[in-house]
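Visitor: Got a structure for you, written out below as structure tokens; questions coming shortly.
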Amino acid sequence: MKWPILQAFPSFSPRYLRPFLRLCARQSALTIGKKLHALVLTTGVYRIRNSFLLNALLHLYASCGDTPAAHKLFDEIPPSSKDTADWTALMSSFSRDNMPLDALHLFAQMRGNSMEIDDVVMVCLFCACAWLRDVGVGSQVHGCVVKTGFQGRVKVCNAVMDMYGKCGMVGEMRKVFGDMKEKSVVSWTVLLDGVLKWEGVRSGRVVFDEMPERNEVAWTIMIVGYMGSGFCREGFSLLSEMMFHWGFKLNHVTLCSLLSACAQSGDVLMGGWVHVYGLKMMGMEMDIMVGTALVDMYSKCGRVDTAVKVFECMPRRNLVAWNAMLSGLAMHGRGRVVVEMFPRMIEEVKPDDLTFIAVLSACSHSGLVDQGSCYFDSLESVYGITPKIDHYACMVDLLGRAGRLEEAETLIKQMPIAPNEVVLGSLLGSCSAHGKLQLGEHALQRLIEMDPHNTEYHILLSNMYALAGKRDQANALRTVLKTKGIRKVPGMSSIHVDGQVHQFSAGDKSHSKTQDIYLMLDNMIQRLRSAGYVPNTASQVFSGSDGAEDNARDSEEKEQALFLHSEKLAVCFGLLSTKPGTPLYIFKNLRICQDCHAALKIVSKIYNRKVVVRDRNRFHYFKQGSCSCCDFW
DNA sequence: CTAGGGTTAG
């Protein structure tokens, strides 16, 4: 027994142990709680009956988030010694652990056992429905609330609102809010969150301004809302107001929320500011969660080396932290580093399925085919992880990129799970890159069955036909596309300059500096051409032609369309508005196209700039005429 | 002489 406080225990009787367990539950002190549990089992078994010790342990595990342990204890306690609070504890544990169906099932059992249903149970129930994103069940339950008379309780109504908000039914949410006689800050905050999510940042701001009272949660939600819509400057000024005018401090959760918003919007300026604040407030004692959020933020903002520094400075690292670091390195194409770090990781923590998605995609992005296959083979045998669809997708990607398409196809055939869009889409992409028409056609057929409205696949294949000189088939596909109507996600690129986000779509003329940007663009294309750039029209989606034949005018149109790609506009703006030599960081919602990739390589050389592009899949570092992905993406 | 369970930022 290493614990003096336990040695000093006057007696192991429930009378003394119970309050102690309660304290552990309140403080989430699971480690000490487990020791007490062991103590109960080893020394006091004969005294457990009717002592409420098991109930206290149930609450301990439930409030510490150890759902399996809570469930086990719940089953061990005889039904006659369980009351509503015990049932609720397990229910909320299920809800928080993203097991909403188990929570609903438990509720049904509660009713079957004629347990008393009070307002707290109802709150838990709506929480589970919110997680389920199932309005059907939710509104049914809402009907029950009205009947049973819980509609007067503020907290129950808050939970109902939250459910409607999470399910996207803003109208219902607003109605519940409007009908409430009493409203708390939480009611307003739930409303704010729902409105921001579904009606946008402007309507959200209206709610925020109407709030009679705001706590730090409301402020955080509003700031994150701004950041999520690209209004980084507004977010930052609101953060300063919150802290310097209203005197709010940032806690762990606030820090994590803000950092995740910075990661998403690519705002390293605010991210760095939050980092400094965290260091000042907590020094090196920043907890694992904040440390992990920092690693994630720096990685996603293109500063993977800073992410590594933060990671190495963390006093402790858990699985989540390791996963964040490895997937950060993976998206930067640092496959070798991932492979080097992995052995260190398994000395500290047990890897899970997410770890291997990071490791396999790192191998894929870096062309480490043999390494990747080796990890994949050891997944089940060494680490006891059943490969999921995403792992197969990584492998298909890995083999496909390397041109080993037959092996990729065999793997798909041998999979115990039916291939999904990611798997087949990756196969099609590789077929397109390596000109394997037949296999590509086959993959496309299956993809169309899965998602008839997605036209991206048609475009890939029609480009393949065109490249292979099969004009008839290419034209046939164009016709299909035309009749379906091209419903492509518009490509967007953004760039941060002076703390402000500038967003561009293809051919965008809405920016205040549009004239300068287009002058710069003409100039840039000229300089690119004289440096050997040839527009890659094959990678361009057909613009307007009927497909009769590609005349000169048509191909010129295609070239023009290429020049107007959003990332080119963003680069021009960046070149114009930053000092020579400043690296440019560009964020794109889709994958970067072949032509822009080739163009940016030359840009990095002739303008002597480092250009960093975050696309949907990974990062590209253009420097002195080459890209970190080695044209392997 | 029974505590214990619940809603908003992740």
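Visitor: Mind checking which pairs have a first residue in region A:114-126 that is of a type in the set (Phe, Trp, Tyr) and a second that is near DNA strand B (Cβ under 6 Å from one of its atoms), Cβ under 7 Å, 6 or more apart or different chains?
Guide: A:Phe126/A:Ala159; A:Phe126/A:Asp162
Visitor: Can you name the condition, by its number, that A:Met270 falls short on among (1) in a helix (DSSP H, G or I); (2) open to solvent by 10 Å² or more (accessible area, probe 1.4 Å)?
Guide: (2)
Visitor: Over 20 Å from the mean Cα position of the chain (by Cα) and among the basic types (Lys, Arg) - does that describe any residue in region A:282-303? Full working, then the answer.
Guide: Initial filter on region A:282-303 (over 20 Å from the mean Cα position of the chain (by Cα)): A:282-287.
Next cut, among the basic types (Lys, Arg) only: none.
The answer is no, given that none of the residues of region A:282-303 is over 20 Å from the mean Cα position of the chain (by Cα) and among the basic types (Lys, Arg).
Visitor: Considering only residues that are β-branched (Val, Ile, Thr) and either within 10 Å of DNA strand B (Cβ to nearest atom) or at pLDDT below 90 (or both), which ones fall in region A:249-271?
Guide: Here is the first cut: in region A:249-271, the ones β-branched (Val, Ile, Thr) are A:253-254, A:268.
A:Val253, A:Thr254, listed by residue number.
Visitor: While we're on this one: If I filter region A:320-357 down to residues being assigned to a loop (DSSP other than H, G, I, E, B) and touching a residue at least 60 places away in the same chain (Cβ under 8 Å), which single residue comes out as nearest to the chain's Cα centre (by Cα)?
Guide: Step one: filter region A:320-357 for residues assigned to a loop (DSSP other than H, G, I, E, B), giving A:332-334, A:349-352.
Next cut, touching a residue at least 60 places away in the same chain (Cβ under 8 Å) only: A:332-333.
On the way: A:His332: 17, A:Gly333: 19 Å.
Filtering region A:320-357 for residues that are assigned to a loop (DSSP other than H, G, I, E, B) and touching a residue at least 60 places away in the same chain (Cβ under 8 Å), the one nearest to the chain's Cα centre (by Cα) comes out as A:His332.
Visitor: Within region A:86-144, how many residues are of a type in the set (Lys, Arg) and within 10 Å of DNA strand B (Cβ to nearest atom)?
Guide: Going through region A:86-144, the residues of a type in the set (Lys, Arg) turn out to be A:96, A:111, A:133.
After this cut, where a residue has to be within 10 Å of DNA strand B (Cβ to nearest atom) as well, the list is A:96.
Number satisfying all stated conditions: 1.
Visitor: Within the bounds of region A:483-504, is there any residue that is in a helix (DSSP H, G or I), at pLDDT below 85 and open to solvent by 30 Å² or more (accessible area, probe 1.4 Å)?
Guide: Filtering region A:483-504 for residues in a helix (DSSP H, G or I) gives A:483-484.
When the remaining residues are screened for being at pLDDT below 85, the result is A:483-484.
Filter again for open to solvent by 30 Å² or more (accessible area, probe 1.4 Å), leaving A:483-484.
Scanning region A:483-504 turns up at least one residue that is in a helix (DSSP H, G or I), at pLDDT below 85 and open to solvent by 30 Å² or more (accessible area, probe 1.4 Å).
Visitor: Now for a separate question. With respect to A:Thr292, is the statement that it is β-branched (Val, Ile, Thr), part of a helix (DSSP H, G or I) and touching a residue at least 12 places away in the same chain (Cβ under 8 Å) true? I'd like the intermediate steps shown before the answer.
Guide: On the way: β-branched (Val, Ile, Thr): yes; part of a helix (DSSP H, G or I): yes; touching a residue at least 12 places away in the same chain (Cβ under 8 Å): yes.
Here the answer is yes, as A:Thr292 does meet what is asked.
Visitor: Let me ask you something else. For the structure I just gave you, tell me whether A:Pro79 is more than 30 Å from A:Gly136 (Cα to Cα), at pLDDT 85 or above, surrounded by fewer than 14 Cβ atoms within 10 Å (Cβ to Cβ) and of a type outside the set (D, E, K, R).
Guide: Taking the combined requirement at face value, the residue satisfies it.
Visitor: One residue is enough: does region A:376-387 have a residue meeting the conditions open to solvent by less than 40 Å² (accessible area, probe 1.4 Å), in contact (Cβ under 8 Å) with a residue 24 or more places away in the chain and over 26 Å from A:Tyr457 (Cβ atoms)?
Guide: yes
Visitor: Assuming A:Cys301 fulfils every condition listed in (1) in contact with a Cys (Cβ under 9 Å, 6 or more places away or on another chain); (2) free of Cβ contacts under 8 Å to residues at least 40 places away in the same chain; (3) not β-branched (Val, Ile, Thr) apart from one, which condition is it?
Guide: (2)
Visitor: So in region A:222-236, with the set limited to residues that are more than 11 Å from DNA strand B (Cβ to nearest atom) and not hydrophobic (A, V, I, L, M, F, W, C), which one is most open to solvent (accessible area, probe 1.4 Å)? So that I can check it myself, show each step before the final result.
Guide: Applying the first criterion (more than 11 Å from DNA strand B (Cβ to nearest atom)) to region A:222-236 yields A:226, A:229-236.
Checking which are not hydrophobic (A, V, I, L, M, F, W, C) leaves us with A:226, A:229-230, A:233-235.
Values: A:Tyr226: 25, A:Ser229: 64, A:Gly230: 28, A:Arg233: 124, A:Glu234: 74, A:Gly235: 0 Å².
Per the criteria, the residue is A:Arg233.
Visitor: Within region A:595-615, take every residue that is surrounded by fewer than 17 Cβ atoms within 10 Å (Cβ to Cβ) and either of a type in the set (Val, Ile, Thr) or within 29 Å of the chain's Cα centre (by Cα) (or both) and give me the one that is nearest to A:Tyr518 (Cα to Cα).
Guide: The extreme case among them is A:Ile606.
Each row is one residue, and each column tells you yes or no for (1) touching a Ser or Thr at 6+ places or on another chain (Cβ under 8 Å); (2) under 22 Å from A:His332 (Cβ atoms); (3) part of a helix (DSSP H, G or I).
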position	(1), (2), (3)
A:Val359	no, yes, yes
A:Asp370	no, yes, yes
A:Tyr375	no, yes, yes
A:Thr410	no, no, yes
A:Pro416	no, no, no
A:Pro419	no, no, no
A:Val423	no, no, yes
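Visitor: Just the residues that are near DNA strand B (Cβ under 9 Å from one of its atoms) and either of a type in the set (S, T, N, Q) or in contact with a Leu (Cβ under 6 Å, 6 or more places away or on another chain) (or both), please, taken from region A:63-85.
Guide: At the first step, the residues of region A:63-85 found to be near DNA strand B (Cβ under 9 Å from one of its atoms) are A:63, A:81-85.
Answer for region A:63-85, where residues must be near DNA strand B (Cβ under 9 Å from one of its atoms) and either of a type in the set (S, T, N, Q) or in contact with a Leu (Cβ under 6 Å, 6 or more places away or on another chain) (or both): A:Ser63, A:Ser81, A:Thr84.
Visitor: If A:Ile459 satisfies all but one of (1) among the aliphatic types (A, V, I, L, M); (2) open to solvent by less than 40 Å² (accessible area, probe 1.4 Å); (3) free of Cβ contacts under 8 Å to residues at least 40 places away in the same chain, what's the number of the condition it fails?
Guide: Unmet condition: (3).
Visitor: Also, I was wondering about something else. Please state which one of A:Gly278, A:Gly247 is out of contact with any Lys or Arg (no Cβ under 9 Å at 6 or more places or on another chain) and without any contact (Cβ under 8 Å) to a residue 12 or more places away in the chain.
Guide: Details: A:Gly278 fails: without any contact (Cβ under 8 Å) to a residue 12 or more places away in the chain.
Testing whether each residue is out of contact with any Lys or Arg (no Cβ under 9 Å at 6 or more places or on another chain) and without any contact (Cβ under 8 Å) to a residue 12 or more places away in the chain leaves just A:Gly247.
Visitor: Scan region A:573-590 and report the pairs whose first residue is at negative phi and whose second residue is of a type outside the set (A, V, I, L, M, F, W, C) and open to solvent by 50 Å² or more (accessible area, probe 1.4 Å), with Cβ atoms within less than 6 Å and a gap of 6+ or a chain change.
Guide: Short answer, once both residue conditions are applied: A:Leu576/A:Asp516; A:Pro583/A:Lys610; A:Leu590/A:Arg616.
Visitor: Further question on the same structure: Return only the number of the condition from (1) modelled with pLDDT under 85; (2) open to solvent by less than 10 Å² (accessible area, probe 1.4 Å); (3) near DNA strand B (Cβ under 8 Å from one of its atoms) that A:Phe52 does not satisfy.
Guide: Status for A:Phe52: all satisfied but (2).
Visitor: Considering only region A:616-625, how many residues are assigned to a strand (DSSP E or B) and either farther than 20 Å from A:Leu576 by Cβ or open to solvent by 10 Å² or more (accessible area, probe 1.4 Å) (or both)? Walk me through it before giving the result.
Guide: Of the residues in region A:616-625, the ones assigned to a strand (DSSP E or B) are A:619-623.
Going one step further and asking which of them are either farther than 20 Å from A:Leu576 by Cβ or open to solvent by 10 Å² or more (accessible area, probe 1.4 Å) (or both), we end up with A:619-621, A:623.
Qualifying residue count, region A:616-625: 4.
Visitor: Looking for whichever is of a type outside the set (D, E, K, R), closer than 17 Å to A:His620 by Cα and out of contact with any His (no Cβ under 8 Å at 6 or more places or on another chain) here; the options are A:Cys301, A:Cys313. Which one fits?
Guide: Numbers: A:Cys313 fails: closer than 17 Å to A:His620 by Cα.
A:Cys301 is the lone residue from the list that is of a type outside the set (D, E, K, R), closer than 17 Å to A:His620 by Cα and out of contact with any His (no Cβ under 8 Å at 6 or more places or on another chain).
The values are calculated or read from the model by the stated rules, or taken from the named source; none is laboratory data. In this text, all values refer to a predicted model and were calculated from it rather than measured experimentally. FYI the Cβ positions are ideal-geometry reconstructions off the backbone, even for glycines, and counts take in every protein chain you see. Note: areas computed on protein heavy atoms with side chains; ligands, DNA, RNA excluded. Shrake-Rupley method; radii C 1.70, N 1.55, O 1.52, S 1.80 Å.
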